[in-house]
Amino acid sequence: MKSLRRQLLVTLLSAIVAVFLVTGAATYGIARVEIDEVMDYHLRQFALSLRDQSFGRPVAPIMAPEEAFDFVIQIWDGRGMRLYLSHPHSVLPELAQFGHTTVRTSDGIWRVFSVPLLDRVIQVAQPMRVRSGMAAKAALATLTPLVVILPLVGALIWYLVSRGLRPLDRLARGVSARRPDALAPLSREGVPEEAQPLVEALNGLLGRLDHALAAQRAFIADAAHELRTPLTALQLQLQLTERASDEQERSAALADLRSGLERTIHLVGQLLALAREEPGDAAGRKLAPIALAQRVRDSLSDYTALADARNIDLGATTLDDDVLVQCEPQALRTLIANLVDNAIRYTPTGGRVDLSVSRSDGFAWLEVADSGPGIPADARERVLDRFYRQPGQTETGSGLGLAIVKAVVARHDGRLELDESELGGLRVRVGLPEAARTTVAGIAP
């Protein structure tokens, strides 16, 4: 795990060291320029100071010069005859170029000053490495105090960073000390401006968790309430079956018990389907491009027997095979099944249910229209709530079908519209994000 304090310390110290190095390089450069100016002046003054010396004939120095003496002196007469050479093994050229020049030799780079005086030419040279050494010493003398105080700077940075991060430490301790059910917003008092987005994000998360937990508690309470009635009915039907006095009475009681079990199983299945569509359930949430028309055909085949048993004309008006939706396969299957089941369940005998698939505005639209009694405009929002059933409704049901459809549509960022159909009943339009058709192969059927 990365430490923010350590990362800031390393980053700031690295920046300071980089500044030190840049400062050292600048100091070296400035010192080198100044030393060159001073030493060039000294070269000229040294050469001029030799004009009054006597050099009668060409000679070599009798003894080697001092090692600390870093100048090389050459003197020629007016005919080019060398009269004096301070270093017998010098690698300097034997011809002089007047003024200051820089000469490259096998022994390095030299700075040379040559001047004609009276009847002779005097040349004084100095190796540039001497000047480089002097400039380096000047830069090192500047950097040494900075290097010495670097540990102190590191300790000061660590202290200041730790002090600056104390509000985050307090925030972390406050969050860790909370009870699991404490979802009130965090206080922003004393939190620095840079940490305000973090507090706002945490408060947003806490708000969503509070909403999700409230919805979960409501779901559990509603599920328990709705299950209590059919389970109680099953218990009573079981008692009636046990008390039956003859075979006919026992057969009727068993039929009622079987019907009650089927309704309870359907209710439990609806509850499980709704639980799978809760925002917190992330299992199996892989979206894929799916041919919507083919899924509608599969659903029509599944519900043909139920529609025939109720003498309902179940079919499709328009099925665009080019329409693809970006959806989770099981969720789409559940959505279509609930829409078709609801339409058949609440359409009277001899009625009609039509399905269609089209696309517009970047959405793939599934439309289910029936010739049933429909839903009043003021109740269309209520029927999307869990366990809500219209007053006076005689058809058995759990009140979860449209709630499941609403959850699936919301999870896929789709649209859900309820209005009156041309058949006289309810029309449900579901818009899901359309998927791009890239390759025919690989598209979920």
In this structure, does THR334 turn out to be assigned to a helix (DSSP H, G or I), hydroxyl-bearing (Ser, Thr, Tyr) and in contact (Cβ under 8 Å) with a residue 40 or more places away in the chain?
-> yes
Any chance LEU254 is assigned to a helix (DSSP H, G or I) and modelled with pLDDT under 75 | no
Please find, within region 314-327, the residue that is farthest from VAL357 (Cα to Cα) out of those that are surrounded by 14 or more Cβ atoms within 10 Å (Cβ to Cβ) and touching a helix residue (DSSP H, G or I) at 6+ places or on another chain (Cβ under 8 Å).
-> LEU314
Close pairs (9 angstrom Cβ cut-off, 6 or more residues apart or separate chains): over 30 Å from ASP169 (Cα atoms) in region 3-25, among the hydroxyl-bearing types (Ser, Thr, Tyr) anywhere = THR23/THR142; GLY24/THR142
Take the residues in region 189-207 that are touching a residue at least 24 places away in the same chain (Cβ under 8 Å) and either in contact with a Ser or Thr (Cβ under 7 Å, 6 or more places away or on another chain) or in a helix (DSSP H, G or I) (or both), then tell me which one is surrounded by the most Cβ atoms within 10 Å (Cβ to Cβ).
-> VAL199
Selection within region 94-114 - more than 13 Å from GLN126 (Cα to Cα) and of a type outside the set (D, E, K, R) | LEU95, ALA96, GLN97, PHE98, GLY99, SER106
The residue that is surrounded by the most Cβ atoms within 10 Å (Cβ to Cβ), considering only those in region 337-389 that are free of Cβ contacts under 8 Å to residues at least 40 places away in the same chain and within 18 Å of LEU314 (Cβ to Cβ), is ALA337
Only one of ALA96, ALA135, ALA139 is touching a Ser or Thr at 6+ places or on another chain (Cβ under 9 Å), small (Gly, Ala, Ser) and at pLDDT below 80; which?
-> ALA96
Checked region 86-120 for anything farther than 26 Å from ILE35 by Cβ and buried (at least 18 other Cβ atoms within 10 Å of the Cβ); matches are ARG120
Any hit, region 172-179, residues being assigned to a helix (DSSP H, G or I) and basic (Lys, Arg) = yes
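Residue-wise test of (1) closer than 15 Å to ARG429 by Cβ; (2) in the same structural domain as ASP419 (by TED's automatic domain parsing); (3) modelled with pLDDT under 80; (4) assigned to a loop (DSSP other than H, G, I, E, B).
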{"position": "SER356", "(1), (2), (3), (4)": "yes, yes, no, no"}
{"position": "VAL368", "(1), (2), (3), (4)": "yes, yes, no, no"}
{"position": "PRO373", "(1), (2), (3), (4)": "no, yes, no, yes"}
{"position": "PRO391", "(1), (2), (3), (4)": "no, yes, yes, yes"}
{"position": "GLY397", "(1), (2), (3), (4)": "no, yes, yes, yes"}
List the number of the failed condition for GLN326; all other conditions in (1) part of a helix (DSSP H, G or I); (2) touching a His at 6+ places or on another chain (Cβ under 9 Å) hold.
-> (1)
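The values are calculated or read from the model by the stated rules, or taken from the named source; none is laboratory data. Predicted model only: the values in this text are computed from it and were never measured. We place every Cβ from the backbone using ideal geometry, glycine too, and count neighbours over all the protein chains shown.
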